Amino acid sequence: MWHEAPHRRRRGPEARLRPGRPHPHTGAMGRAKRVLLRVMAAAYILAGFNHLVNPAFYVAIIPPGLPNPEWLNVISGLAEIVLGVFVLEPRVRVLAAWGIIALLIAVFPANLYVASRNLGPPDFAPGTGNATLNWARLPLQALFVAWAWWYTRPDAEPS
């Protein structure tokens, strides 16, 4: 066990970074939080691969004013895969969670475009979608942001 003289003891958050004590972001994560972390990671990894396997779906919902929709789709798909993997690693979890939040904000215009134009399968022509579902997706994005944000917060220390 590491000991310091009383006058040199660390105070505040850095006090938790002593040898023998876990880093606050790698500490005791509750079972539900750990399970939901794996669910979130799997969802982003699978969605990312789906961008690469079914690009037509994603390219069709990219707002027309944005350049190179095919490349934007590949970049966002790869970002989802990388962030989904990195959020599982405790040493970069916080950074990956912030990356997921940034990604969700970056793709929000596509969700808004889908809702405002009521796009839907199979050809994603305006007015062919389910307006209720398209608009319901928008507040879900806030839930996804909150879910990722949860992993930017320090975990409880073991008792």
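The values are calculated or read from the model by the stated rules, or taken from the named source; none is laboratory data. For clarity, every value in this text was computed on a predicted model and none was experimentally measured. Glycine gets a Cβ as well: all are built from the backbone with ideal geometry, and neighbour counts include every protein chain shown.
Quick check on this structure: which one of 105, 62 is farther than 19 Å from residue 39 by Cβ, modelled with pLDDT of 90 or more, not charged (D, E, K, R) and not in a loop (DSSP other than H, G, I, E, B)?
Details: 62 fails: not in a loop (DSSP other than H, G, I, E, B).
Being farther than 19 Å from residue 39 by Cβ, modelled with pLDDT of 90 or more, not charged (D, E, K, R) and not in a loop (DSSP other than H, G, I, E, B) holds for just one of 105, 62, which is 105.
The set of residues in the range 123-155 being closer than 23 Å to residue 64 by Cα, in a helix (DSSP H, G or I) and in contact (Cβ under 8 Å) with a residue 24 or more places away in the chain consists of 137, 138, 141. Of the residues making up the range 37-51, just one is aliphatic (A, V, I, L, M) and within 12 Å of residue 76 (Cβ to Cβ), namely 47.
Pairs meeting the criteria (first residue in the range 76-89 and touching a residue at least 12 places away in the same chain (Cβ under 8 Å), second residue surrounded by fewer than 15 Cβ atoms within 10 Å (Cβ to Cβ) and of a type outside the set (Val, Ile, Thr), beta carbons under 6 Å, at least 6 apart or on different chains) are 77/52.
State yes or no: is residue 52 under 15 Å from the mean Cα position of the chain (by Cα) and surrounded by 14 or more Cβ atoms within 10 Å (Cβ to Cβ)?
Working: under 15 Å from the mean Cα position of the chain (by Cα): no; surrounded by 14 or more Cβ atoms within 10 Å (Cβ to Cβ): yes.
Answer is no for this residue.
Can you tell me which condition residue 69 does not meet? The list is (1) touching a residue at least 12 places away in the same chain (Cβ under 8 Å); (2) over 17 Å from residue 40 (Cα atoms); (3) surrounded by 14 or more Cβ atoms within 10 Å (Cβ to Cβ); (4) not basic (Lys, Arg), and all the others hold. Every listed condition holds for residue 69 apart from (1).
Please determine whether any residue of the range 88-97 is surrounded by 13 or more Cβ atoms within 10 Å (Cβ to Cβ), within 16 Å of the chain's Cα centre (by Cα) and either more than 30 Å from residue 29 (Cα to Cα) or not hydrophobic (A, V, I, L, M, F, W, C) (or both). Spell out the reasoning first.
Taking the range 88-97 first, the residues surrounded by 13 or more Cβ atoms within 10 Å (Cβ to Cβ) are 88, 90, 92-97.
From what is left, the residues that are within 16 Å of the chain's Cα centre (by Cα) are 88, 90, 92-97.
If we keep only those that are either more than 30 Å from residue 29 (Cα to Cα) or not hydrophobic (A, V, I, L, M, F, W, C) (or both) too, we end up with 90, 93.
Scanning the range 88-97 turns up at least one residue that is surrounded by 13 or more Cβ atoms within 10 Å (Cβ to Cβ), within 16 Å of the chain's Cα centre (by Cα) and either more than 30 Å from residue 29 (Cα to Cα) or not hydrophobic (A, V, I, L, M, F, W, C) (or both).
Would you say residue 77 is within 16 Å of residue 96 (Cα to Cα), in contact with a Pro (Cβ under 9 Å, 6 or more places away or on another chain) and modelled with pLDDT of 95 or more?
yes
Being part of a helix (DSSP H, G or I), over 25 Å from residue 70 (Cβ atoms) and of a type outside the set (D, E, K, R) is a description that does not apply to residue 112.
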